[in-house]
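Down below is the structure, laid out as structure tokens.
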Amino acid sequence: MSLRPQLIQIAKQIKQRLLHVVHQFDDATIPLFASHGRLASLYYCVFSRRFDREHLAVLQGRIRYKQSLRDIGESCVLLRRNIHRLEKGLIMRPRRSVFAEGYIGETVSCFRDCVMAKRLDHEEQKWAHDVLCLYFDVVSATPIVDTQRKAFSAISSSGAQVSSVPYAHDTLPKCPLDYDELLTLFKRRRSVRWYQQKPVEWGKLQQAINAASLAPSACNRQPFKFYAFNHQDKAVDIAACAMGTAGWVNNLPCSVVVVGDLSAYPKERDRHVIYIDGALAAMQFMLACETLSLSTCPINWPDIESREQMMSKKLNLSPYERPIMLISVGYAIKDGGIPFSQKKNADTLLKQH
Ligand SMILES: Cc1cc2nc3c(=O)[nH]c(=O)nc-3n(C[C@H](O)[C@H](O)[C@H](O)COP(=O)(O)O)c2cc1C
């Protein structure tokens, strides 16, 4: 009789015992490691590698941030941030006669680099140009401002119509929706997991992304991309990388991965912003889909190394690009079930202080 099955059984038992001891050690020591920031870092340095990828992504992001200022592509985060800061200065009440002296030199030089690189998105360049024109029109003369005004006039396209600049609130389009109509849209947006075997039109995805792009983002950086797969084989393959699609993944006609870009920041302190900005845009994307007769379901993206590797490979991501969440998209099956999912109400969620 072969000893092999018995040996395998014993090995399994030993492994279980060891895991049990490890978990007991973990439970017993965590209060100590959780008592101080340095000890917590020691814990994640010595006993757990679960933050490795995040640490690596943040550091790689910082390196890439610096490179991106030399190797300018279709968008420039520093330019976007500084132009945003200038716009805030321009709308300040009362507006100061001199502002932005601390970063106007950096902004003009960044704008010059972007113009020379000739790869910046046309609308982004126009926005930066127009805001800089308005800034130099209204700001009072100082040695710093005068130097930068001169530097800017050497690169500005004079005579162009200046339109991408701050405007008054009452020129915004009137809102055609009232509260009840908006509530109906919110009630119609439910997590849908059962879809018709009907492809999702690329044009509709573009429309929904245009709506998503109007979401707020910190300093207007918009540090995310939406990777869409609207051929079923690929959609299923991508969505299967996440854990929460078990049982319904095979009927997905389209899946979207929201990917955050940590190279948008020179400092670690902003590492969470990709998740906030990405989620706000994702919400607008899902609501926009609903108005286009498309249903969606957000899908959790767990930070598990093997899955991260899988997704990175499939999407050809750089180490500083991090999946934030997935979203399934498609035409709902009419009698497909929707969990009731009781929501909390304002009495619970709204606290008056
Ligand atoms: C970040 C996030 C991750 C989610 N992950 C999953 C998931 O992996 N699988 C799933 O079936 N639903 C997932 N959902 C859908 C939630 O279960 C659903 O939003 C919640 O139950 C409320 O239902 P509703 O969206 O219909 O209002 C996720 C939702 C969010 C916001």
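Bear in mind that the values in this text are calculations on the coordinates, not laboratory data. Computed from a predicted structure; not experimentally measured. Note: ideal-geometry Cβ built from the backbone for every residue, glycine included; neighbour counts use all protein chains shown.
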Requested in this report: State, as an integer percentage, the relative contact order of the chain based on alpha-carbon contacts under 8 Å between residues 6 or more apart.
Outcome: 20 percent
Query raised in the report: In nm, to one decimal, how far is the modelled label at Ser293 from the one at Asp113, with both set 7 Å along Cα→Cβ?
Result: 4.8 nm
Query - Neighbour-limited loop hits for trypsin sites (Lys or Arg not before Pro), the stretch 112-178 (at most 11 other Cβ within 10 Å; DSSP other than H, G, I, E, B) - result: Lys118, Lys174
Query raised in the report: When the chain is treated as a GNM, springs tying every alpha-carbon pair under 10 Å, which of Val165, Val257, Val192 comes out with the largest mean-square fluctuation?
Result: Val165
Query - In order through the stretch 226-241: 3J(HN,Hα) via Karplus (6.51 cos²θ - 1.76 cosθ + 1.60), integer Hz, x for Gly, Pro - result: 10, 9, 10, 10, 10, 10, 4, 4, 5, 4, 5, 4, 5, 5, 5, 5
Report task. Going by C-beta contacts inside 10 Å, put Arg188, Arg93 in order with the fewest on the left. Result -> Arg93, Arg188
Query raised in the report: Using alpha carbons only, how many degrees (0 to 90, rounded to 10) separate the axis of helix 179-188 from the longest principal axis of the chain?
Result: 40 degrees
Query raised in the report: Computed FRET efficiency, Cβ-Cβ of Thr29 and Asp303, R0 35 Å: what is it to the nearest 0.05?
Result: 0.95
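Using the alpha carbons of the stretch 122-215, what is the convex hull volume per residue in cubic angstrom, as a whole number? Intermediate results must be reported in sequence, preceding the final value.
Values: hull volume 18.0 nm³, N = 94.
Taking only Cα atoms, the stretch 122-215 has a hull volume of 191 Å³ per residue.
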**Report entry** the stretch 225-353 - convex hull of the alpha-carbon atoms, volume per residue in Å³
**Finding:** 153 Å³
Query - Net lengthening on full extension, Gln197/Gln67 (0.36 nm per residue, minus Cα-Cα) - result: 42.4 nm
Report summary line: Listed by chain and number, the residues whose amide H is under 5 Å from that of Ile299, excluding neighbours fewer than 5 places away on the same chain and using placed H, are Leu326, Ile327, Ser328
**Report entry** Whole-Hz ³J(HN,Hα) from phi, Karplus 6.51 cos²θ - 1.76 cosθ + 1.60, for the stretch 302-308, glycine and proline x
**Finding:** x, 7, 10, 3, 5, 6, 4
Query raised in the report: Could you put Thr107, Thr147 in order, starting from the residue whose Cβ has the fewest other Cβ atoms within 10 Å?
Result: Thr147, Thr107
Query raised in the report: Using alpha carbons only, how many degrees (0 to 90, rounded to 10) separate the axis of helix 52-70 from the longest principal axis of the chain?
Result: 20 degrees
Requested in this report: Give the calculated FRET efficiency between Ser157 and Gln9 to the nearest 0.05, with a Förster radius of 51 Å applied to their Cβ-Cβ distance.
Outcome: 0.05
Report summary line: With x for Gly and Pro, the residue-by-residue ³J(HN,Hα) of the stretch 87-102, computed from phi through the Karplus equation 6.51 cos²θ - 1.76 cosθ + 1.60 at θ = phi - 60° and given in whole Hz, is 4, 5, x, 5, 8, 4, 10, x, 6, 6, 5, 10, 8, 6, 4, x
**Report entry** the stretch 90-104 versus the stretch 183-224: alpha-carbon centroid distance in Å
**Finding:** 36 Å
Report summary line: So for R0 = 51 Å, FRET eff. of Ser97-Met310 from the Cβ-Cβ r, to 0.05, ends up at 0.35
Report task. Please give the helix 4-33 orientation as an angle from the longest Cα principal axis of the chain, in degrees from 0 to 90, rounded to the nearest 10. Result -> 40 degrees
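With a 10 Å radius around each residue's Cβ, average the other Cβ atoms per peptide and rank 338-351, 215-228, highest first. Before the final figure, lay out each step's value.
Numbers: 338-351: 7.6, 215-228: 18.7.
Final packing ranking: 215-228, 338-351.
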**Report entry** the stretch 42-82 and the stretch 318-352: distance between their alpha carbon centers, rounded to Å
**Finding:** 28 Å
Report summary line: With 0.36 nm assigned to each residue of separation and the Cα-Cα distance removed, Arg38 to Leu280 gains 83.8 nm
Query - Sequence-distant residues sharing a close amide H with Tyr195 (under 5 Å, placed H) - result: Ile333
Report task. For the pairs Lys267/Lys314; Lys88/Lys267; Lys187/Lys225; Lys12/Lys314, note any where the Cα-Cα span goes beyond 30 Å. Result -> Lys12/Lys314
Query raised in the report: Once amide H atoms are placed 1.01 Å from N in the peptide plane, what residues at a sequence separation of 5 or more from Ser75, or on another chain, have their amide H within under 5 Å of its amide H?
Result: Asp121
**Report entry** Convex hull volume per residue in cubic angstrom - Cα atoms of the chain
**Finding:** 246 Å³
Query raised in the report: Any idea what the alpha-carbon Rg over 2.2 N^0.38 Å comes to for the stretch 175-236?
Result: 1.43
**Report entry** Label-point separation, His122 to Arg50 (7 Å along Cα→Cβ), nm
**Finding:** 5.0 nm
